[in-house]
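What follows is a short report on a single structure.
The values are calculated or read from the model by the stated rules, or taken from the named source; none is laboratory data. Predicted model only: the values in this text are computed from it and were never measured. Don't worry about glycine lacking a Cβ; one is built from the backbone with ideal geometry, like all the others, and counts go over all protein chains shown. Heads up: the accessible areas ignore ligands, DNA and RNA and are worked out on the full protein's heavy atoms, side chains in. Shrake-Rupley method; radii C 1.70, N 1.55, O 1.52, S 1.80 Å.
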Amino acid sequence: MSGESCLHQLQPQTGPVVSVFSVACPKTSTCTYRVVTGNKYVQLNVGGNLYYSTLQVLTRQDTLLRSMFSGKMEVLTDKEGWILIDRCGKHFGAILGYLRDGFVTLPKSRQGIMELLAEAKYYQIQGLIDMCQRALQDNEEKALCVIPVITSPKEEERLIQGCVRPVVKLLYNRSNNKYSYTSNSDDNLLKNIELFEKLSLSYSSRVLFIKDVIGDEICCWSFYGQSRKLAEVCCTSIVYATEKKQTKVEFPEARIYEETLNALLYETLPVPDNSLLEATRRRNNCCSHSEEEEAVELRERVRRIHIKRYSTYDDRPLGH
C-alpha cells in the first residue's frame, strides 16, 4: 500500500491557522500528518465537492468535525492532499456557514431542509439540528391548501387566466332565496360543498380550486383547462308544486367526478390525446345506471387510466 492512499492521523498543535502535509514512514506503509503553520486554509473534498476552511472554524463547536481535526479520529486524504469526507457535498457549504456565523439561511423546499437536517445529524451539530426541526414543524402547521373566494367578476377572470393549472370553481349562494327549497335541497347542497373540500384537500397542488359566493345560481360547478371553460354542472332545477314552484338542489356526484377527470387531462400541454378523452366519456348504452353506480365506476376508471400519470405525485387517485 502506498503512503498516498492510507489513513493519516492529524497531530493537533496550538497556534495560528494551519495546513497539513504528509510524511512517509520509513519502515511501514502507513503515513502520518503533521500540522504546521503557514497557509490559511484546510483543503476539503466532500463527496467530490471541494471546499476551503480554517481549522478554527472546523473545530469551533463540539461536533464530529472537531473530533476529525483535533487528532481524535483518523482522516483519509487523496494524493493531492485534499482531506476526504465521504458525504454528499451539496449542503456542506451551509454546514460551514453555520459553524462560522452561528446561523444559516435554510433551503426553501421541505426536501432541502430534510437533506440539510440529515447532514447536521451526521456532523453532530445540535444547533443546526434544532433549527431544521423547527422549520419542518412550522411547515407542517401551515394550511394544507388555500382556496380563493371570488369577490368580483374581474378577480375571477384574473385567477383563471393567470393560472397554468386546471381550475375547478364551485358557486354556492345559500342566501339566494329567489325560490324555496325542496326537502332534500339543504342536504344535497352540503354534499356538494363537502365533495369540493375533499377534492381541494387532495389535489390543491395540481388544480386551482376557487369558491364563488356572490353569483346568481344556488349551486353550480365550473371546470376550466388552459384558461378556457370546459364544462359546467348546474346542481339546481325548478320543480313545480301546487300553486308555487320550488328550487331543487341536486348532487350529481358522477358528473362532478367525470368533469374533474376531464379537467385533469388539461394539466399539461399538449391537449390530451383522443384515447384519454374517449375513456372519460360517459357510456351511452341501453343500460341505465344510478348516480351512485356511475360515481363508483368513474372513480375506478380514474385509478386505472391515470395510474402512470400519478406515479410522480404523492396524491392518491380520485375517489380515495
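Some points to look at:
- Criterion: within 30 Å of residue 224 (Cα to Cα), of a type in the set (Ser, Thr, Tyr) and either modelled with pLDDT of 90 or more or loosely packed, with under 13 Cβ neighbours inside 10 Å (or both) - qualifying residue of 105, 151: 151
- Residue 218 vs. criteria aliphatic (A, V, I, L, M) and surrounded by 22 or more Cβ atoms within 10 Å (Cβ to Cβ): yes
- Residue count, the range 104-124 (criterion: assigned to a loop (DSSP other than H, G, I, E, B) and under 25 Å from the mean Cα position of the chain (by Cα)): 6
- Scanning the range 166-201 for residues that are within 16 Å of residue 257 (Cα to Cα) and either of a type in the set (Lys, Arg) or touching a His at 6+ places or on another chain (Cβ under 8 Å) (or both) yields 169, 191, 198.
- Selection of first residues in the range 70-88 that are under 15 Å from residue 55 (Cα atoms) and without any contact (Cβ under 8 Å) to a residue 24 or more places away in the chain and of second residues that are assigned to a loop (DSSP other than H, G, I, E, B) and not β-branched (Val, Ile, Thr), restricted to Cβ pairs under 9 Å at least 6 apart or on distinct chains, gives the following pairs, ordered by first then second residue: 72/12.
- Boolean, residue 158 is among the charged types (D, E, K, R) and in contact (Cβ under 8 Å) with a residue 24 or more places away in the chain: no
- When 281, 304 are checked against the criterion of being at pLDDT below 90 and over 25 Å from the mean Cα position of the chain (by Cα), 281 stands alone in meeting it.
- Boolean, residue 222 is part of a helix (DSSP H, G or I) and touching a strand residue (DSSP E or B) at 6+ places or on another chain (Cβ under 6 Å): no
- Residues located in the range 38-88, provided they are surrounded by 17 or more Cβ atoms within 10 Å (Cβ to Cβ), outside any strand (DSSP E or B) and among the hydroxyl-bearing types (Ser, Thr, Tyr): 54, 59, 63
- Unique residue being in contact with a Cys (Cβ under 9 Å, 6 or more places away or on another chain) and either surrounded by fewer than 16 Cβ atoms within 10 Å (Cβ to Cβ) or without any contact (Cβ under 8 Å) to a residue 60 or more places away in the chain (or both) when the list is 131, 114: 114
- Test: residue in the range 135-151 that is part of a strand (DSSP E or B) and touching a residue at least 40 places away in the same chain (Cβ under 8 Å): yes
- Within the range 154-186, the set of residues being part of a loop (DSSP other than H, G, I, E, B) and open to solvent by 70 Å² or more (accessible area, probe 1.4 Å) comprises 164, 165, 174, 175, 177, 178, 183, 184.
- Selection within the range 89-102 - touching a strand residue (DSSP E or B) at 6+ places or on another chain (Cβ under 9 Å), outside any helix (DSSP H, G or I) and either of a type in the set (Phe, Trp, Tyr) or surrounded by fewer than 17 Cβ atoms within 10 Å (Cβ to Cβ) (or both): 90
- Among residues of the range 206-219, those that are under 27 Å from the mean Cα position of the chain (by Cα), of a type in the set (A, V, I, L, M, F, W, C) and assigned to a strand (DSSP E or B), counted: 3
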